[in-house]
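Derivation of every value follows stated rules applied to the coordinates shown; laboratory data play no part. The structure presented is a predicted model; accordingly, all values stated were derived computationally and were not measured. For neighbour counting, all protein chains shown are included, and Cβ atoms are generated from backbone atoms with ideal geometry for every residue, glycine included.
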Amino acid sequence: MERNRICVSLALALLVLALTSPMLGQSINDVYQVGYFNNNDGLAVRIINTGQIGSPIDAASGHGTVCADIYVFDANQEMLACCSCPLTANELTELRSVQTLTRVEPPTGVIKIVSDRGCDATNITAPVPAGLRAFQVNPQRGGLTETLYQPAPLTVTEQNFLGQTCSFVLYLGSGVGTCRCAPPRPPLPA
């Protein structure tokens, strides 16, 4: 009788372990977006809080706020700046300025954005699936083009790397290595 209980308990424990272990290494989907820039002159990234959590009615209480944790890399894969921009439900903001760690504006690079409730680019704690959408606006001869950032799975390894590297950039930068978001600029007159 005792032996049967031990065998059943062991079998249940192994079943639980087998069912949960694949989830430990998995990534979080639709919280992470990537894009690139190829002409830093007039670069603008527009970010929208999709309203997945909360309501704009509760904007004063912060209910519905999702932060865009932003990470800027140069073409050599070195993080140059990072920041966290809070957006209330259905809000639109724009990445306006980047003070790079090297104080040199790279002509090309990569921008990664994580939607997070934690609002701390050095520690991604509460990713929000489908919480943000980002668009890259690039000046072109004769007008502007707009490109939707592409979603990618956020692995635990990448999540830790982004936070730790951002901490290092902010520490090393002593006031540089940051970025700033603001309301979008008004459209140019036709």
TODO: With the checklist (1) farther than 20 Å from VAL169 by Cα; (2) touching a residue at least 12 places away in the same chain (Cβ under 8 Å) in hand, flag the one item PHE73 doesn't pass.
DONE: (1)
TODO: From (1) without any contact (Cβ under 8 Å) to a residue 12 or more places away in the chain; (2) over 17 Å from ASP74 (Cα atoms), pick out the condition that doesn't hold for LEU148.
DONE: (1)
TODO: Look at segment 76-86 and say how many of its residues are more than 16 Å from SER174 (Cβ to Cβ), in contact with a strand residue (DSSP E or B) (Cβ under 7 Å, 6 or more places away or on another chain) and either among the polar types (S, T, N, Q) or touching a residue at least 60 places away in the same chain (Cβ under 8 Å) (or both).
DONE: 2
Open item on the list: Residues that are out of contact with any Asp or Glu (no Cβ under 9 Å at 6 or more places or on another chain), more than 19 Å from GLY35 (Cβ to Cβ) and hydroxyl-bearing (Ser, Thr, Tyr): does segment 134-148 have at least one?
Closed with: no
Task: Conditions (1) within 20 Å of GLY35 (Cβ to Cβ); (2) polar (S, T, N, Q); (3) surrounded by 16 or more Cβ atoms within 10 Å (Cβ to Cβ): number failed by THR122 - done: (1)
Open item on the list: Regarding segment 69-77, can at least one residue be identified that is surrounded by fewer than 21 Cβ atoms within 10 Å (Cβ to Cβ), under 17 Å from ILE53 (Cβ atoms) and under 16 Å from the mean Cα position of the chain (by Cα)?
Closed with: no
Open item on the list: Residues to consider are GLN136, GLN159; find the one that is farther than 25 Å from ASN90 by Cβ, polar (S, T, N, Q), surrounded by 12 or more Cβ atoms within 10 Å (Cβ to Cβ) and in contact with a Phe, Trp or Tyr (Cβ under 9 Å, 6 or more places away or on another chain).
Closed with: GLN159
Task: Verdict on ALA89 being among the hydrophobic types (A, V, I, L, M, F, W, C), touching a residue at least 24 places away in the same chain (Cβ under 8 Å) and either in contact with a Gly (Cβ under 7 Å, 6 or more places away or on another chain) or surrounded by fewer than 18 Cβ atoms within 10 Å (Cβ to Cβ) (or both) - done: yes
